Amino acid sequence: MTLSRRTLIAAGAAATLASGVGAAQGRGSNAARFSLGFAPHEGSFASRGDRLEQIAFAADQGFTAWEDNEAAGRSVAEQEAMAKALRQRNMAMGVFVASMPKWSQSRPLLGANDGAEREAFLADIRASIPVAKRLNATRMTVVTGFMDAKVPHDIQTARVIDVMRRAGDIVAPHGIAMVMEPLNTRTNHPGVYMQSIAQGYAVARGANSPAVKILADLYHEQIQSGNIIPTLDMCWDEVGYIQFGDNPGRNEPGTGEINFANIVKWLRRKRYTGVIGMEHGNSIAGRAGEDRLIAAYRMIDQA
């Protein structure tokens, strides 16, 4: 029987999925390192134990990086233990949040007439530098606050650019870059100031600092704007970090509408070697979901 090219491709994909699941369950080698810097986080492999045990498990599956949004709020001892675990496993540290917004209060207002919240933001940035050094992190997430209904949008933009330039002056001498995260307003974060990668590009260009870049979270961008690859291409000079998450659902690749295989191919053409945060949940609970997560990333890593 003659097999069509489509049949062969489908069979290959099925074999990749099966081998990924098998590896995660211990049926065969799981030592192959991913070719891209996919970074799980605490909870990605919750059934495997505590944070350090999850890091060890992720490394055994071939992951080469790790994320921890909450790292700045952990004790110094916890930060040092995590850094040691990553170092022992030759894993890179991805982002942590340098200045955590007050989500329930829709604060800070970095474009407000009162500059107090801008000064508090800068204080958070200063406090995050030793955290980054402790974790060997070169990128830290910042959220540029919420919209102030009393201030014209263009004035808010000017003030956000100004405070990010000042923050860049604080961070740049330490070899660290802040990555501003645009967030969607349609599903998760109504009222935030920065809502698209394009808007992040404008602020980053205005700040004109090597320490002020964009965090391109593709889940948020797909909801808010779509047109992911052309947008990344236009804004690429200011993109400092990538995060994956499918839509709808914000789960692993293959559970929604985003073609992550094509995005991976595009990132390879761009010779992207940075961390790619797995900023999403698992579509299936428990170990079956963890196996599915690993298999999903095996599939797109073959693209």
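No lab work stands behind these numbers, since they all come straight from the coordinates. These numbers come from a predicted model, not from an experiment. Neighbour counts are summed over all protein chains in view; Cβ atoms, including those assigned to glycine, are modelled from backbone coordinates with ideal geometry.
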Separation of the ALA120 and ALA285 label points, Cα + 7 Å toward Cβ, nm = 3.7 nm
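Enter the per residue convex hull volume of the stretch 132-210, computed from alpha-carbon coordinates, in Å³ rounded to the nearest integer.
Enclosed volume per residue, from the Cα hull, is 96 Å³.
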Cα axis of helix 76-88 to longest principal axis of the chain: angle in degrees, 0 to 90, nearest 10?
-> 40 degrees
For ALA149 and GLU78, calculate 0.36 nm times their separation in residues minus their Cα-Cα distance, and state this gained length in nm to one decimal.
-> 21.6 nm
Degrees between helix 197-207 axis and first principal axis of the chain (Cα, 0 to 90, nearest 10) = 50 degrees
Against the longest principal axis of the chain, how steep is helix 286-301, in degrees 0 to 90 to the nearest 10, with axes from Cα atoms?
-> 90 degrees
Protection proxy (average C-beta count within 10 Å per residue), highest first, orders 64-76, 194-206 as 194-206, 64-76
Taking 0.36 nm per residue of separation and subtracting the Cα-Cα distance, what length does fully extending ASP162 through THR273 add?
-> 37.0 nm
Report, in whole Å, the centroid distance computed from the Cα atoms of the stretch 267-299 and the stretch 169-214.
-> 24 Å
Proximal lysine pairs, the stretch 50-301, alpha carbons under 20 Å, eight or more residues apart or interchain | 4
Mind pulling the per residue volume of the convex hull built on the Cα atoms of the stretch 32-169? Å³ is fine.
-> 126 Å³
Binning at 10 Å from 0, report for the stretch 50-301 what percent of all alpha-carbon pair distances ends up in each bin.
-> 7, 30, 37, 22, 4, 0
Average projection area in nm² (convex hull over Cα atoms of the stretch 233-302, one quarter of hull surface) | 4.9 nm²
Label-to-label distance, nm, for residues given as ILE229 and GLN88 (7 Å Cα→Cβ offset) = 4.2 nm
Report the residues of the stretch 161-195 in range of a label on TRP103: point 7 Å along Cα→C-beta, backbone N strictly under 20 Å from it.
-> 179-195
In debye, nearest 20: dipole of the chain around its Cα centre with unit charges on the Cβ of K, R (+) and D, E (-)?
-> 760 debye
Per-pair calculated FRET efficiency, R0 = 22 Å: ARG134 and ARG48 via Cβ, rounded to 0.05 | 0.35
Amide H to amide H, which residues 5 or more places from ILE276 or on other chains are under 5 Å from it, using H placed in the peptide plane?
-> GLY37, PHE38, ALA39
Most to least packed among 175-186, 222-233, 278-289 [average Cβ atoms within 10 Å] = 175-186, 278-289, 222-233
